[in-house]
């Protein structure tokens, strides 16, 4: 429902903060961004993890080549799904657009592009069984022309570490995906940003991130310098999710133990 509502508002010159994912395909994102330019409205997307100091610090440290060559990373995000839903929309592909990749993955893919840029190649695996079903578990493998490799595991069925682990020629570090908790090898956390300083950073709640996002959006709508995820930036992660779905392969689930009945 994002595209028709946002297009109408943006063409009328209204500024819009839209929920993630911005849309379910690149064509809808493009229509929304065109409406923003035509109506002089500004659009930002609610990808509030970008407000976390840990996320911002890592982006600046990578841009400054503080870790030397980046070798590989893993991201494990998941928990047992427990939101109190009132309909089955989330489990219908025609209505939701997808499962954990388009939901949690909207944040994850945005952070990956923020830190490392758009990958050159992707491999994608999920566990969709029904024609109109959505994935509960998925696995994405990515590669960059620089030689960087990454693996992302997302699930709605198990509790995972919910961390990025980054391996570089100078050592390794871990960062919580939705917060500021950082730990790493000696020398990996010494980079000092001119804007936000150096770790450790204060623990921040989801409510705090949402508040910062609203403050930044107000500044953005007023034409001031602001830390927001613009429509153009958010469209990149939607395109990446589309690339993944287009390359879908069957996901094996080794954590599930099957028993086979013996037949005479």
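The values are calculated or read from the model by the stated rules, or taken from the named source; none is laboratory data. Keep in mind that this is a model prediction, so the values were computed, not measured. Heads up, the Cβs are rebuilt from the backbone with ideal geometry, glycines too, and the neighbour counts pull from every protein chain shown.
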- Query: Residues of the range 59-95 being surrounded by fewer than 16 Cβ atoms within 10 Å (Cβ to Cβ), in contact with a helix residue (DSSP H, G or I) (Cβ under 7 Å, 6 or more places away or on another chain) and not in a helix (DSSP H, G or I), which ones?
  - Reply: none
- Message: One residue is enough: does the range 126-134 have a residue meeting the conditions crowded, with 18+ Cβ neighbours inside 10 Å, assigned to a strand (DSSP E or B) and modelled with pLDDT of 95 or more?
- Response: yes
- residue 32 being touching a helix residue (DSSP H, G or I) at 6+ places or on another chain (Cβ under 8 Å), farther than 27 Å from residue 129 by Cβ, in a loop (DSSP other than H, G, I, E, B) and at pLDDT 95 or above: no
- Message: Looking at the range 37-44, can you tell me whether even one residue there is assigned to a loop (DSSP other than H, G, I, E, B) and free of Cβ contacts under 8 Å to residues at least 60 places away in the same chain?
- Response: yes
- Item | Hits in the range 215-251 - residues which are surrounded by 11 or more Cβ atoms within 10 Å (Cβ to Cβ) and not in a helix (DSSP H, G or I) | 226, 227, 228, 229, 230, 247, 248, 251
- Task: Residue by residue through the range 58-97, note down the ones that are under 23 Å from residue 153 (Cα atoms) and at pLDDT 95 or above.
- Result: 58, 59, 62, 70, 71, 72, 73, 74, 75, 76, 77, 78
- Task: Those residues that are crowded, with 17+ Cβ neighbours inside 10 Å, out of contact with any strand residue (DSSP E or B) (no Cβ under 8 Å at 6 or more places or on another chain) and in a loop (DSSP other than H, G, I, E, B), I need them from the range 190-214; list them, please.
- Result: 191, 204
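When you go through 179, 147, 187 one by one, which is the residue that is within 17 Å of the chain's Cα centre (by Cα), outside any helix (DSSP H, G or I) and within 20 Å of residue 62 (Cα to Cα)?
The match here is 179.
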- Query: Can you find even one residue in the range 155-174 that is in a strand (DSSP E or B), touching a residue at least 60 places away in the same chain (Cβ under 8 Å) and in contact with a helix residue (DSSP H, G or I) (Cβ under 6 Å, 6 or more places away or on another chain)?
  - Reply: no
